[in-house]
Every structure is written in structure tokens, then in C-alpha cells.
1. State which residue pairs qualify: first residue on the phi > 0 side of the Ramachandran plot and inside segment 100-114, second residue outside any strand (DSSP E or B) and at pLDDT below 95 in any location, beta carbons under 9 Å apart, and separation of 6 or more residues or different chains.
2. Say we look at segment 16-50 and pick out the residues that are part of a strand (DSSP E or B) and at pLDDT below 90; which of these is surrounded by the most Cβ atoms within 10 Å (Cβ to Cβ)?
3. Could you list all residues from segment 162-198 that are assigned to a loop (DSSP other than H, G, I, E, B), more than 16 Å from the ligand (Cβ to nearest atom) and farther than 25 Å from THR117 by Cα?
4. Quick one: ILE130 ticks every box in (1) within 16 Å of the ligand (Cβ to nearest atom); (2) free of Cβ contacts under 8 Å to residues at least 60 places away in the same chain except a single one, so which number is it?
5. Could you list, in sequence order, the residues of segment 112-127 that are closer than 27 Å to PHE85 by Cα and more than 16 Å from the ligand (Cβ to nearest atom)?
6. Out of everything in segment 120-148 that is under 19 Å from the mean Cα position of the chain (by Cα) and surrounded by fewer than 18 Cβ atoms within 10 Å (Cβ to Cβ), what residue ends up being farthest from ARG173 (Cα to Cα)?
7. List pairs: first in segment 225-241 and of a type in the set (Phe, Trp, Tyr), second assigned to a helix (DSSP H, G or I), Cβ under 6 Å, 6+ apart or cross-chain?
8. Looking at this structure, is SER227 surrounded by fewer than 20 Cβ atoms within 10 Å (Cβ to Cβ) and small (Gly, Ala, Ser)?
Amino acid sequence: MDGFTLKNTLLCRGLDTGGADVGRGRKGGAGPAGTCLEVGRWIVNTGLNYSASRPSPLKLRLGERPSIIADGEEVPVSFINEPAFYGKTTSDGTPMKKVALLHGRDCLATTLYQRCTYMEQGRGCAFCAIHTTLDSGATILRKTPRQLGEVLMEARKDGVTHMVITTGTPNTRDHGARMLARAVEHLKSLCNIPVHVQLTPPSGRYLDLLHRAGADTIGIHMESFDSSVMRRVCPGKSGLDYGSALEYAAGLFGDGQVSSFILGGLGEAQETMKEGFEALATTGVIPFLVPFRPLPGSAMEHHPPPDPSYMAGLYLELADILIKYGLDISGHRAGCVRCGACSAIDTALEMRR
Ligand code: SF4
């Protein structure tokens, strides 16, 4: 099985561990929860045993040298070791693991504010499980710049080289931009780590603020190009002006330094995808295509993930568009595009080149 097909299948169908609890990874929270595995040159954030009704065709073989059995072939894999900072606490006694987590190989990720006003209004995104890790006590509601700084300095000793700061949307006009800017400013005063921020689209003045604070890259997530999907799945965010915010951000942060998560498998009209990829690429924005993943505790926890063959078609279309517009994902300075664990776009590009 080629690397692209293997990564795409791991993202869409997860990995069958034969019921073994390998005790790793995130079970909820913001973004696609899962476990990170290194497979050759690339890394993948895959679900483990997450679809009991549609078991994964990929089996994990545990042992001294773990591997995946794919189409009768054995592919060596390695789990990412738990970083030492998980066992430490901040100066106010908060376990560092509740403040930020290691994502992928070397990315420190945190959710600055662990609630979302849309969720509280009953208009939250149906695929999101931001509240579950807070409810279970795995994280805290707000992370202060000081806590983040202390975790970052420890995480750097464990090999962290870039950072993602995402946030649930607070009920404020800036959509969390001011608290993100304060966090970025503090982190940049400690060291020059590349930092990626993510938020729902704010107005231009708040994008200016984030840029001035020192954020290197930004993610403003459209989720879907299909307006009927947005109304059904993301009712709170469906009316927001993504186009203007993304265009403005691309002007500030530069070509290839702005990204937008696009989920495949939400029931979107397929023709909206190609048009949407092209529209974003023409403005210098990278569509970060990921398959919908059913998260426990979310409103869509029983909705099936998309078929790998459907996602493969989308990835190859996107790869052709990125090549056509000269958008180089390897030049992205920080965040999800640099980490790459949740999308198969890196391997699709390798396939096309
Ligand atoms: S791609 Fe983003 S959300 Fe996925 S593991 Fe990497 S940093 Fe986390």
C-alpha cells in the first residue's frame, strides 16, 4: 500500500488495535482527537478502534517493534513518546498536561479558552467536542500566558519546535483575538518559537493585533464550502464573513501562511470542494483538508467518517490546485500545516510530484 493510501485510510478509518488499550492520545477536546504515529517520513493522527460498526482494515501489531498490517504487508510504525513535561506542574500547581499537549512530533498545542459561546447558545458545531475534556477534568477553562510560558520552556527541552494556540469562541466581538495576542506576546518575549493561532473570523483590526503580537501563521477555519452544510452542522458560524477575513489575513501574514480547515464527509456537494479549494488558493490560503472524524461526546458521534476513496479524490484535486498556484506547504512556519498529522495532503502532494 502506498504512503498516501495508508495515511488517508488511517485518517478515515482509524487503526484496529484488536481491542488493546494502548493508552495513548487525546480522547476529546478541540480538533480531531486521536493518537500520533510516525510512519516513515510522515506522521498521522489516527483514531484507535473508533468505529466499532465499521472496523478498520488496518491492524496494529504491538510488540518491541510495532507495525501496521495493511493488505497483508507489514509497515513499521512508532508511537510518539510521552514528553517529560507531562509529569511536571506549573508554579501555580497546575499539571502541565492540563495546559498544553504535544501534537504530532514537535508541536505544542493548547486551547486557550475551553468553552464556546455557540455551543452555549445551542448553535455549536455538531462535530466539536470542546467541552468534553473540560468536563472530564483533563484540562482547565483558561490558560494564562504565564502558565503557557512555563509549559513552553519545559516542552522545548522535550524537542518542541512550534506551537498551536486555538480557542473556543468567547462571547466577545474580537472572538478571542485579544487574549490570543496577549499569550503570543508573552511567549515571544520568552523565546522566538514560531506560533500559529486559530480563531473564528474577527474583523481586520483584530487580525492586525494578532500580527503585531508576533503570530507567525493563522488558521481561520471555514469547515465547509457548502452553505447548506454550514447551516446544518455549524449554525453559529454559518453567517460569518470568512472570505474577507481570509483575504485580509493573507495580505498580512503572506502567501501560504494562512490556512483553513475544510472537513470532507459532512454531506457536502462535491463540486463545492473544487471551487472552494481554487478560491482559497487564489488568495494564497492553504485549504487544510481533513476527513470528518466522529468524536465521542459530540452531536455527530454516531455519524460515519467518509470513505477513504472519496477523500482520496479530494486530496488529489487539492494537490493539483496547490501545485497550480505554487502554494508550498513545506514553507508554512507553524501550526497544523507544518505538523501535518491530521491531513493526507502532504502524501497526496508527494504522489503528484
Ligand atoms: S495537524 Fe494540528 S490538530 Fe492535528 S495533530 Fe497536528 S497540530 Fe494537532
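The values are calculated or read from the model by the stated rules, or taken from the named source; none is laboratory data. Note that the coordinates shown come from a computational prediction; the quantities given were computed from them, not determined experimentally. Positions of Cβ are generated from backbone atoms using ideal geometry, with glycine treated the same way; all protein chains shown enter the neighbour counts.
1. Qualifying pairs under 9 Å: GLY104/ILE80.
2. Taking the candidates together, the pick is GLY29.
3. CYS191, ASN192
4. If we test ILE130 against (1) within 16 Å of the ligand (Cβ to nearest atom); (2) free of Cβ contacts under 8 Å to residues at least 60 places away in the same chain, just (2) comes out false.
5. Answer for segment 112-127, where residues must be closer than 27 Å to PHE85 by Cα and more than 16 Å from the ligand (Cβ to nearest atom): TYR113, ARG115.
6. In this case the residue turns out to be ALA138.
7. PHE225/THR272; PHE225/GLY276
8. The answer is yes for SER227.
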